[in-house]
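Read through the structure below, which is laid out as structure tokens, and then see the notes.
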Amino acid sequence: MDMIINKSKGLRGELTIPGDKSISHRAIMFGALANGTTRITNFLQGADCLSTIGCFQAMGIDIENNISDVMIHGKGLHGLQEADHMLDVGNSGTTTRLISGILAGQNFSTTLNGDASIQKRPMKRIMEPLSLMGANIRSMKDNGCAPLEIHPSTLHGIHYNSPVASAQVKSCVLLAGLYADAPTSVTEPVLSRNHTELMLNGFGANVTSVGTTAMIQPNPTLIGQDIAVPGDISSAAYWIVAGLAVPNSELVLKNVGINPTRDGILRVVEAMGADIKRENVHTVSGELVCDLIIKSSSLHGTTVGGELIPTLIDEIPAIAVLACFAEGETIIKDAQELKVKESNRIDTVVEGLRAMGADATATDDGMIIHGGRQLHGAVIDSHLDHRIAMSFAIAGLLCDEPTTILSADSVAISYPDFYESITKISV
Ligand code: S3P
């Protein structure tokens, strides 16, 4: 499906942000490994999270998806059963990497595979620490990617120094640590999102965090929980950018998760001079949440790098669009991880921005953008990457001529109602 986006005359009103993708995945996984029932509200009904549900159903877990809530009838840490077919992880890196940690500790074999994009995502980053723990995991291709084959083995507790700041790697190792014979810890170069640590503790596990090291004790009894999923700041990012850059805008975004390991976009737009307020700050299921009030603003360029990067890694395509509407130079650096997302997001972002007439240059670890040029409508290939489709749809709201997004339906991965929301807030 292609989508045509026209210039906006202003964005006004209120949006309730759909559930956080990272937290929705984890709620299904931990609910499946818990004893008793877990009830999830505001679960993200995106294709990625539905892939996670499908994998656990295939392993014998009874999951009722009632849309308004999801009920998981967990069978405990050792209650999963061998699937009678290959697990389908779809487009989801989070499903692949986290579930591999769980599967490494099972007494049955599993193969898993996903779409063309997942078959290009690097899996050596999880195979290496899992192998150090004694896991029997291998890529069925010679490129270290899915499909993956995982066989039973005895897992040992290890300390792993991760070369990448990746919550997926960290979570994979911690989840394998549930099944290990001794405590398991992971140190990462920079702290990544900590939803696994927070939520596992909520289910009754013992995870401690000191600086960039997280440690898990093996073999806990997990107990089913009620989880209210906060709105996804990665989805709110599109409206933050649109509300700031489109003249005559004022938006209220309800129920946005602002966990400090995820809120980098707020810190960046504030540094750029944004008129953005956090109201009604409170905690839901152990996660910090607030409403955001955003008004059109005059912005200036900034530098985004270092420890900020993991706190906004998925928001960089949207931040790059915003940088085109800021005075002066924006430098995004230390973001090599962008190359191994659903697309190579350094290339796909710079390609799209240049097609719209922006002054954007790719670098080895990010990009440099000089703001202030009027963008023009263009045909943008989303490369089947949901965040590229949404970022350029927002850019399209700011172009004089219409913009066409190719494969625009990729938004269903993380934000099925995205285009309806544009219509809802357009004046
Ligand atoms: C995620 C972690 C991040 C992020 C992804 C979701 C998670 O990936 O980009 O969208 O839920 O743990 P990495 O761990 O590869 O950085």
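The values are calculated or read from the model by the stated rules, or taken from the named source; none is laboratory data. For clarity, every value in this text was computed on a predicted model and none was experimentally measured. For neighbour counting, all protein chains shown are included, and Cβ atoms are generated from backbone atoms with ideal geometry for every residue, glycine included. Please note that ligands, DNA and RNA were not included when accessible areas were found on the heavy atoms of the full protein model with its side chains. Shrake-Rupley method; radii C 1.70, N 1.55, O 1.52, S 1.80 Å.
Which of the three applies to region 138-177, rounded, prolate or oblate, going by the alpha-carbon gyration tensor with a ≥ b ≥ c and a/c under 1.5 meaning rounded?
On the way: a/c = 2.30, a/b = 1.26, b/c = 1.83.
Oblate shape, in that a/c is at least 1.5 and b/c is the bigger or equal ratio.
Binning at 5 Å from 0, report for region 94-230 what percent of all alpha-carbon pair distances ends up in each bin.
All Cα pairs considered, the percentages come to 2, 11, 21, 23, 20, 14, 7, 1, 0.
To the nearest 10 degrees, how steeply does helix 345-355 sit against the main Cα axis of the chain, on a 0 to 90 scale?
20
Give the whole-number value, in cubic angstrom per residue, of the convex hull volume spanned by the C-alpha atoms of region 378-427.
On the way: hull volume 3.2 nm³, N = 50.
Looking at region 378-427, the number lands at 64 Å³ per residue.
Per DSSP H run of n ≥ 4, the term is -39500 (n - 2.57); total these for the chain, divide by its residue number, and report the mean residue ellipticity at 222 nm rounded to 500 deg cm²/dmol. Intermediate results must be reported in sequence, preceding the final value.
Numbers: 12 runs with 123 residues, N = 427.
Rounded to the nearest 500, the figure is -8500 deg cm²/dmol.
If you plug each phi of region 152-165 into the Karplus form 6.51 cos²θ - 1.76 cosθ + 1.60 with θ = phi - 60°, what whole-Hz ³J(HN,Hα) values come out, in order, with x for Gly and Pro?
x, 6, 8, 9, 10, x, 9, 9, 10, 8, 6, x, 10, 7
For the chain, what's the relative contact order in percent, using C-alpha pairs closer than 8 Å and at least 6 residues apart?
18
Take every DSSP beta bridge whose two residues both sit in region 135-249, then give the antiparallel share in percent to the nearest 5.
Numbers: 12 of 16 bridges.
So the antiparallel bridges amount to about 75 percent of the total.
With the Cα gyration tensor of region 96-154 giving a ≥ b ≥ c as the square roots of its eigenvalues, does the rule (a/c under 1.5 for rounded; else a/b larger than b/c for prolate; else oblate) give rounded, prolate or oblate?
Details: a/c = 1.99, a/b = 1.56, b/c = 1.27.
The shape class here is prolate.
For region 243-368, rounded, prolate or oblate, judged on the Cα gyration tensor with a ≥ b ≥ c (square roots of eigenvalues), a/c < 1.5 rounded, else prolate if a/b > b/c? Present the calculation step by step, with values, prior to reporting the outcome.
Details: a/c = 2.12, a/b = 1.35, b/c = 1.56.
It is oblate, given that a/c is not under 1.5 and a/b is not larger than b/c.
For region 63-71, just list the computed ³J(HN,Hα) in residue order, Karplus coefficients 6.51, -1.76 and 1.60, θ = phi - 60°, integers in Hz, with x standing in for Gly and Pro.
Values, residue by residue: 10, 9, 9, 8, 6, 5, 8, 10, 10 Hz.
What do you reckon, how do Met86, Met123 stack up by accessible area (1.4 Å probe), largest on top?
Details: Met86 80, Met123 0 Å².
The most accessible residue leads, giving Met86, Met123.
Tell me, what is a quarter of the convex hull surface for the C-alpha atoms of region 1-57, in nm² with one decimal? Working shown, then result.
Details: hull surface 24.4 nm².
If I average the Cα hull's projected area over directions, I get 6.1 nm².
Taking H as built 1.01 Å from N, whose amide H comes closer than 5 Å to the amide H of Ala228, not counting residues under 5 places away?
Thr41, Ser285
Any chance you could list the semi-axes, whole Å, largest first, of the equivalent ellipsoid that the Cα gyration tensor gives for the chain, using √(5λ)? Mind dumping the intermediate values first?
Numbers: eigenvalues 262, 95, 80 Å².
Working from the Cα gyration tensor, I get semi-axes of 36, 22, 20 Å.
Return the ratio Rg/(2.2 N^0.38 Å) for region 185-325, where Rg is computed over Cα atoms only. Display every interim value, and only then the final one.
Numbers: Rg = 16.9 Å, N = 141, 2.2 N^0.38 = 14.4 Å.
Rounded to two decimals, the normalised Rg is 1.17.
Keeping all protein chains in place and using 1.4 angstrom, which order do Met356, Met127, Met215 fall into by accessible surface area, from largest down?
Working: Met356 0, Met127 25, Met215 70 Å².
I get Met215, Met127, Met356, largest accessible area first.
Tell me, what is the Rg over Rh of region 312-415, with Rh the Kirkwood radius over Cα pairs?
Radius of gyration over Kirkwood radius for region 312-415 works out to 0.93.
Near Gly177, within a Cβ-to-Cβ distance under 13 Å, what is the net charge of the other residues, with Lys and Arg +1 and Asp and Glu -1?
On the way: positive: Lys170; negative: Asp181, Glu197.
Local charge sum for Gly177: -1.
Going by alpha carbons, how many degrees (0 to 90, nearest 10) lie between the helix axis of 47-58 and the longest principal axis of the chain?
Between helix and principal axis, roughly 10 degrees.
Mind jotting down the distance between the C-alpha centroids of region 388-417 and region 277-351, whole Å?
A separation of 17 Å, based on Cα centres.
Against the longest principal axis of the chain, how steep is helix 21-33, in degrees 0 to 90 to the nearest 10, with axes from Cα atoms?
Compared with the principal axis, the helix lies near 10 degrees.
Using Cα centres only, tell me the gap between region 1-79 and region 147-214 in whole Å.
22
Of Thr361, His282, Gln81, which is farthest towards the positive pole of the chain's charge dipole, taken about the Cα centre with +1 and -1 on the beta-carbons of Lys, Arg and Asp, Glu respectively?
Working it through, the farthest residue towards the positive pole turns out to be His282.
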